[in-house]
Amino acid sequence: MAERKGYVATTKFLIASPTKVRPVAHLVNQKPVTKAFAILANMPQKGAGLINATLKSAVANALNQNSKLDEDMLYVKEIRIDEGPRLKRVWFRARGRADQLLKRMCHITVIVDEKAGE
């Protein structure tokens, strides 16, 4: 029997470097949703706010699809931070030179599921 995937929310094309967002995601992976919200609320990183918004969406999807669920029954099954396209901009330098400035983007996917054994 195939394993159930859970309730998914995805946010795409966020202007934030995936390498800066991933350490924040690792802190809340496999944690209960209420604890994950508390952790994200107390972090100063930009990625914490981005993950928090996506996590709220995943929890709302879960509660709307299954009316028997309670927020306390949910946990973060998986958080995936994928690389998106890069915006390429010109960065003017001294002596008439120019460099390329890459504005990196990321896609955040959050999967929540209910705790096993309940």
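The values are calculated or read from the model by the stated rules, or taken from the named source; none is laboratory data. Quick caveat: nothing in here was measured; it's all calculated off a predicted structure. Cβ placement follows ideal geometry from the backbone for every residue including glycine, while neighbour counts extend to all protein chains displayed. These area figures cover heavy atoms from the full protein model, side chains too; ligands, DNA and RNA do not enter into them. Shrake-Rupley method; radii C 1.70, N 1.55, O 1.52, S 1.80 Å.
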Practice problem: Would you check if GLU71 is at pLDDT below 95 and within 24 Å of LYS5 (Cα to Cα)? | Solution: yes
Quiz prompt | Residues satisfying the stated conditions in the stretch 30-40, i.e. closer than 20 Å to SER17 by Cα and exposed (fewer than 15 other Cβ atoms within 10 Å of the Cβ) | solution = none
Quiz item: Which of the residues that make up the stretch 56-103 are out of contact with any strand residue (DSSP E or B) (no Cβ under 7 Å at 6 or more places or on another chain) and either of a type in the set (Val, Ile, Thr) or open to solvent by less than 70 Å² (accessible area, probe 1.4 Å) (or both)?
Solution: ALA60, LEU63, ASN66, GLU71
Practice problem: Report yes if some residue within the stretch 11-20 is outside any helix (DSSP H, G or I), without any contact (Cβ under 8 Å) to a residue 24 or more places away in the chain and hydroxyl-bearing (Ser, Thr, Tyr); otherwise report no. | Solution: no
Quiz item: Which residues, taken from the stretch 60-89, are under 22 Å from LEU101 (Cα atoms) and aliphatic (A, V, I, L, M)?
Solution: ILE81, LEU87
Quiz prompt | VAL33 being within 24 Å of LYS103 (Cα to Cα) and in contact (Cβ under 8 Å) with a residue 24 or more places away in the chain | solution = no
Practice problem: Would you please name the residue that is surrounded by the most Cβ atoms within 10 Å (Cβ to Cβ), looking only at residues in the stretch 41-52 that are farther than 21 Å from LYS103 by Cα and either aliphatic (A, V, I, L, M) or in contact (Cβ under 8 Å) with a residue 60 or more places away in the chain (or both)? | Solution: MET43
Practice problem: Within the stretch 83-91, identify whether any single residue is of a type outside the set (Ser, Thr, Tyr) and under 24 Å from LYS5 (Cβ atoms), and answer yes or no. | Solution: yes
Quiz prompt | Residue check, ASN52 more than 15 Å from THR34 (Cα to Cα) and either among the β-branched types (Val, Ile, Thr) or part of a helix (DSSP H, G or I) (or both) | solution = no
Quiz item: How about the stretch 21-45: which of its residues are under 17 Å from ILE111 (Cβ atoms) and outside any helix (DSSP H, G or I)?
Solution: ASN29, GLN30, LYS31, PRO32
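To keep it simple, each residue is scored yes or no on (1) part of a loop (DSSP other than H, G, I, E, B); (2) touching a Lys or Arg at 6+ places or on another chain (Cβ under 7 Å); (3) farther than 16 Å from THR11 by Cα.
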{"site": "PRO85", "(1), (2), (3)": "no, no, no"}
{"site": "VAL90", "(1), (2), (3)": "no, no, yes"}
{"site": "ARG95", "(1), (2), (3)": "no, no, yes"}
{"site": "GLN100", "(1), (2), (3)": "no, yes, yes"}
{"site": "ILE108", "(1), (2), (3)": "no, no, no"}
{"site": "VAL112", "(1), (2), (3)": "no, yes, no"}
